[in-house]
Every structure is written in structure tokens, then in C-alpha cells.
Amino acid sequence: MMRTVDALLSQGRVIEPPSAFREWAWIRDERLYEEAARDPEAFWGRVAEEFVHWFRPWERVFEWTPPRPGTSPPWFRWFIGARLNVCYNCVDRHAQTWRRTKAAIIWEGEPGEERVLTYQDLHREVQKFANVLKSLGVRRGDRVTIYLPMIPELPIAMLACARLGAIHSVVFGGFSAEALRDRINDSGSRVLITAEGGWRRGQIVPLKRNADEALAECPGVEHVVVVHRGVMDATHVPMREGRDHWWHRLMEHASLQCPCEEMESEDPLYILYTSGTTGKPKGQLHVQGGYLVSVAATQKWIFDLRDEDIYWCTADIGWVTGHSYIVYGPLCNGATTVMYEGAPDYPDRDRWWALIEKYRISILYTAPTAIRSFMKWGEEYPRRHDLSSLRLLGTVGEPINPEAWLWYWEHIGGRRCPVVDTWWQTETGCILISPLPGVTPLKPGSAARPLPGIFADVVDEEGRSCPPEVPGYLVLTRPWPALSRTIWGDPERYVQVYWTRFPGIYFTGDAAVKDADGYFWLLGRVDDVINVAGHRLSTMELESVLVEHPAVAEAAVIGRSDEVKGQVPVAFITIREGIPTTTELGEELKGYVVTRIGALARPAAVFFTAELPKTRSGKIMRRLLRDIAEGRVLGDTTTLADPTVVQRLKEMYEERYGEGS
């Protein structure tokens, strides 16, 4: 880790905000930081009044009871007693002003179809679909699972749930039937919304087929609403009588008027599942008031959002980035948000740059994984297009290496666009560490400082603040409004995962280092979660699937660094006696993981080994496997039951990939 830290901190380059940008930025000085540090509760109260419409004001801004080790969970509430409706804030209030004819969503499908929904259009469609849900028996507090491609019906369904006070659970369209099944059953959803399919690199993603397979083991689902995306003839889509309903047919007869429910600030808004080290996905529960305040404010501050901007976050709405910064953050601010269904390299590697030129996009928010791919493909693709409309760039999902940051700044932003490198998590709900583009000098590779109202630190094993340039654990010392309130159905796990490592302090699970200027440099996960292209996958979940294969006796999965995806899974597998270890079996196991979890989880490599490195108590030493995969000097092997095992694995790995791979 120290070599990594030294390499990062030795970059030494500082890029000041362009003077023209600074002159017109929403935030041009440090007063916001000072206000938040002086009185955090008063600060968040003022922010809540500025960004959100409330039907009833709060009685108190904040209540907080820190956890006591072994006795009580953390307990905190924001904007106590206040009432609001998230959908009203994102749709109705804009549809009642001049923004009613402004584009709310600009959508393009992978084959090239286009749709533009104004705020007036969105208001109509959301009200109609909310009435559809009511006709299917959905009421306040009910859970609705959404399994859709990146089409406008996805945010419409989310907003309709919010309008009614129903709790939505969006499942990424790239997940398998089994992953969908587990999330439906854990949330207790009564309704599933899906489509017959979607497009990805010219291929059909069979969502309805996956959904039907999942629903065979989901007894609680009463209704399935199917959007006809148009990837196949409707007559070829299997529909179960009484359970399955076409979206467009239900919408034909739906009323145009549906009043908003007045929700308490601490009422649930949505559940979003993220991977954990136990293998069972964690259903993060986010609530109405604090979440909306946080995403609306950070959207405005970090992206310097203006009414004339065309804003594009390239994430999928199935991940938290899409929830917060495609749907709720932009729409609460009355912005125009772009949605694109397909891949960045279909039909050619300049698709994104063509979209920016076509729609005159001014703000681009994407992942380092994508940037590294563009670097690999070369500068010729962005050069084909006029990118002069861009004025701000952002990154999200994982730490960005300085080389990729500088390439992005130079070849996409033309050296005129500030790059806001953002750090946050599914659990945090909103961005917590980021530059403010009109204020913050930029250091390529650093997410800069915690935002106003966010209190972060880097601590050692004892919870003591680390000196500058000494790596440690990234923690948050005080709750903020968007922090998830619990893990759905498992509050004990919530306490165990986030609040017991350092009692009274939120443990992020990430490693970081602060430099002498107080800038944070993120170093990746400290637990057994792999960050693949900004998406977190549990090693335990992958191992559990592999061991279910009849040929596998034991499996250990680790994340190996990858110049494009950040990390990729690598599997070390012990095969059952008598079964030959062949290349074909390795490919079969990779496909097995894809079938059970999704393409994102496909192992980059499978190694067959007679034994795995274990301690004398039987614990697999994944740390040593990571050392092998990263080409590092092996760490302490004295606790191994058989130290020769790890040396044999190292030789096997180097034979395939070369020493130091």
C-alpha cells in the first residue's frame, strides 16, 4: 500500500479552476465550508429550506444517539416531523412553472430511437402510472421491484412509487434470474415491473425470460407489469393470464390525476441492494427527506448546475449513481437529464462523443473504467466530434488514477473543463468527498475534501486520526441526512457492518490517505468486496455460486487490478476428486457464474489447485492470493497450515501471466 500512496502523492500537479468558470460558479468562495463547520444543524436546515418543498416544516433538524458497544444501534433522524413528497419535488412543482415545457428527460435507445419528455409530459405519465399501481393494489409502504432496461419507463415507475409512498427496489437489468429472485423475496415485493427485453451491444437482454424464471420461486408477487420495449414481437412474449399485464394497455385507461401522498421525512423511499462480505446482498434503506435534501444540494454544488445545462450521467439507474444523479438529484433541481440505453462502443467506439455533439451535452459524469477504455481505444474517436459544449466533467465509482484523470481533462474537456472526482457509496446516498469546481484547486487522482456538512477522517486500527501521508481507514464521524437508515430486514447486520469497527463512527470499508493539504486519496476496499467497473461484487457470493457447481469442492475469489475495470474477479478452485481440470471446465465455470449472478461477475481467470492457502484454523488466506495476483512480495505465511501451497500457486500464476503480473 505504501508504494501506491507514495506514487499518488508524488504527482505534485495542481490545476486551478479556470478563471472564467470561477467567475460564474454557484459557489465561488469558502463560506459554505465555514457555515457548515460552525453549526452543522443550522447549515442543513438552511439547505433543506433552499432545495426542497415541504408540506409541513420540521420540529427539529436532527436527533442523534450514538451506538454503545454491544448494547444499542445507532439512532438518528433528520427533519423530524416534516412532511414532503419526493415526486412532487421532482415533477409537480416544475410542471407548475415555466419549466413545464422544458425537457426533463432526453432518451436515446441503443438502436437510435429518441424520446424527449418535458416536465409536463413526465407529470402526466407519472400520475397515470401511479394510478396503474393503485389499481393493482399498491399502497403506501408496499414494495415494488423494478427490473427494466435504461428506458424512460424506469424513472417514471420510480417516481410513481414515490408519489404513492410505495418503496421501490430497482434491480440492475444485467443481473441474472437468481439475483432478481433473491432481491424480490428479501424485499417482499408484491409487484414486479419489467420489459420483454433491452438492447446491449446489438444483442437482446432477455429480461422477461429472466423474470419468469425468478418468479417461479417468488410466491409473494401478485402482478407483473411488462413494458413492450420493442425488441421482439409482443405475440412472442409469454404472458401469464391474471398475473402479467402490458404497461401500455394499463396506461390506456389510467386516470390523468393522482394526488401526492404527504410523507414523513423519515418514511422509507427506496431499497437498493449492494454486495456484502457474507454473500447475501444488503438492502440499503433510504428515506424521503434527508436523502432528497442531500442529492439535490450536492447535484447543484458539485456540478454547478444551471437551467441551460444538458446533463448526462452515464451510469445505469440500477445502481445508486443512477438513482441519485440521473433521477432524483437532477429532477429535483429542474434540470435536463440524459438517458442512454446501450454500450459506449456500439455500433462504434465514438457513440458517447456522438451523443455529446448531438444533444450539446454540457456536463458529463462517468466512471474511471470508461475513461480507461477510451484511453486504450485512442484519441481518434473523440476527435471525430465537436465536444465544445462540455463545461464540466465528473468521475464516479472507484478511485481514478492520475493518468486517466489527465487524459480525460485534456482530450475530452479540452483543458478548459474542471474534473470533479467524487467519492461516495450506496450506503451514503449522496456524494461526500468532492471538489467544488469554482473553488477547489484540483489534484489529479484525489477526490479533494469532504463537502460542507460532511465530517470525514482517516484513522488507524485504534480509531486515532492518522498523520498526513499515512494510510488508514476512511470513516465519517457524524451522520449526514442521506445516510441509509438500516439494512432492510436485518438491523443487526447494519450495526455490525458499519458501526462496530469504531464505536460511534461510521466505517466506510475503504482505505484512504490524507495529504498535507487535507486532500483525501482513496486506496480501495479493505474488505472482501471486488469493485468491478465501479460496481461492488461480494467474493463470498461468487464463491458460494462456484461451490454449487458439481465439479467444485472449494473456491476462493479475489479481485485483481485491471487497467480498464479497476478490478476483475479471479477464482482459485479445488476440483472434486476424479474430475479432470481442463480448459473447457474453466470456461464452463465462468459461464456458470454469469448464469447465476450476471456478466459483470464473470471471472477473468480460473486457476485449478489441489489446495488453497489456509490457516491452521481452516481460514482461507485471501490476502496471499491477492499478493499473488498483484505480483507482490508474499506477506506473512507463518500462520499457514502448509506454507508450500502458496508458493506452488505463485509459480502457477506466474507461468500463465509472467512474473510481476
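The values are calculated or read from the model by the stated rules, or taken from the named source; none is laboratory data. A quick note: this is a predicted structure, and the numbers were derived from the prediction, not measured. Here the Cβ is made from the backbone with ideal geometry for all residues, glycine too, and neighbour counts use every protein chain on show.
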Problem set entry | Subset of the range 444-453 [within 13 Å of Phe520 (Cα to Cα) and part of a loop (DSSP other than H, G, I, E, B)] | Pro444, Gly445, Ser446, Ala447, Arg449, Leu451
Exercise. Scanning for something in contact (Cβ under 8 Å) with a residue 12 or more places away in the chain and under 30 Å from Gln288 (Cβ atoms), does the range 366-387 turn up at least one residue?
Worked result: yes
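For Tyr494, state whether it is among the aromatic types (Phe, Trp, Tyr) and modelled with pLDDT of 95 or more.
It is false that Tyr494 is among the aromatic types (Phe, Trp, Tyr) and modelled with pLDDT of 95 or more.
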Exercise. Of the conditions (1) surrounded by 23 or more Cβ atoms within 10 Å (Cβ to Cβ); (2) modelled with pLDDT under 90; (3) assigned to a strand (DSSP E or B), Glu541 fails just one. Which one is it?
Worked result: (3)
For this session: Collect the residues in the range 428-443 that are crowded, with 22+ Cβ neighbours inside 10 Å and assigned to a loop (DSSP other than H, G, I, E, B), keeping them in residue-number order.
Result: Thr428, Gly429, Cys430, Ile431, Leu432, Ser434, Pro435, Leu436, Pro437, Lys443
Exercise. Which residue out of Tyr346, Tyr408 is buried (at least 23 other Cβ atoms within 10 Å of the Cβ) and either outside the structural domain of Gly197 (by TED's automatic domain parsing) or modelled with pLDDT under 95 (or both)?
Worked result: Tyr408
Problem set entry | The lone exception for Asp121 - which of (1) over 26 Å from the mean Cα position of the chain (by Cα); (2) assigned by TED's automatic domain parsing to the domain that holds Ile184; (3) in contact (Cβ under 8 Å) with a residue 60 or more places away in the chain it fails | (3)
For this session: Scan the range 444-470 and report the pairs whose first residue is more than 21 Å from Arg46 (Cβ to Cβ) and whose second residue is of a type in the set (Lys, Arg) and part of a loop (DSSP other than H, G, I, E, B), with Cβ atoms within less than 8 Å and a gap of 6+ or a chain change.
Result: Pro444/Arg13
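The rows are residues; the columns are (1) surrounded by fewer than 24 Cβ atoms within 10 Å (Cβ to Cβ); (2) within 19 Å of the chain's Cα centre (by Cα); (3) basic (Lys, Arg); (4) farther than 27 Å from Glu541 by Cβ.
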site: Glu264; (1), (2), (3), (4): yes, no, no, yes
site: Gln284; (1), (2), (3), (4): yes, yes, no, no
site: Leu292; (1), (2), (3), (4): no, yes, no, yes
site: Ala296; (1), (2), (3), (4): no, yes, no, yes
site: Asp307; (1), (2), (3), (4): yes, no, no, yes
site: Cys313; (1), (2), (3), (4): no, yes, no, no
site: Gly334; (1), (2), (3), (4): yes, no, no, yes
site: Tyr340; (1), (2), (3), (4): yes, yes, no, yes
For this session: From Ala42, Ala48, grab the single residue that is aliphatic (A, V, I, L, M) and buried (at least 17 other Cβ atoms within 10 Å of the Cβ).
Result: Ala48
For this session: Return yes or no: is Val529 more than 30 Å from Gly413 (Cβ to Cβ), buried (at least 20 other Cβ atoms within 10 Å of the Cβ) and touching a Lys or Arg at 6+ places or on another chain (Cβ under 6 Å)?
Result: yes
Problem set entry | Count of the range 524-538 residues which are modelled with pLDDT of 75 or more and not β-branched (Val, Ile, Thr) | 7
For this session: Return only the number of the condition from (1) crowded, with 20+ Cβ neighbours inside 10 Å; (2) over 23 Å from Pro471 (Cβ atoms) that His549 does not satisfy.
Result: (1)
Exercise. In the range 163-174, which residue that is over 22 Å from Ala599 (Cα atoms) and within 22 Å of the chain's Cα centre (by Cα) is surrounded by the fewest Cβ atoms within 10 Å (Cβ to Cβ)?
Worked result: Ile167
Exercise. Can you name every residue in the range 589-601 that is of a type outside the set (Ser, Thr, Tyr) and in contact (Cβ under 8 Å) with a residue 12 or more places away in the chain?
Worked result: Leu589, Lys590, Val593, Val594, Arg596, Ile597, Gly598, Ala599, Leu600, Ala601
Problem set entry | Within the range 203-223, considering residues that are farther than 15 Å from Arg190 by Cβ and β-branched (Val, Ile, Thr), the one surrounded by the most Cβ atoms within 10 Å (Cβ to Cβ) | Val205
For this session: Could you grab the pairs with beta carbons closer than 9 Å, sequence gap of 6+ or different chains, first residue in the range 619-640 and within 16 Å of Val606 (Cα to Cα), second one among the basic types (Lys, Arg) and at pLDDT below 75?
Result: Arg626/Arg632
Problem set entry | Answer residue from the range 175-202, given it is small (Gly, Ala, Ser) and surrounded by fewer than 19 Cβ atoms within 10 Å (Cβ to Cβ) and is farthest from Leu285 (Cα to Cα) among those | Gly202
Exercise. In the range 229-250, is there at least one residue being touching a helix residue (DSSP H, G or I) at 6+ places or on another chain (Cβ under 7 Å) and part of a helix (DSSP H, G or I)?
Worked result: yes
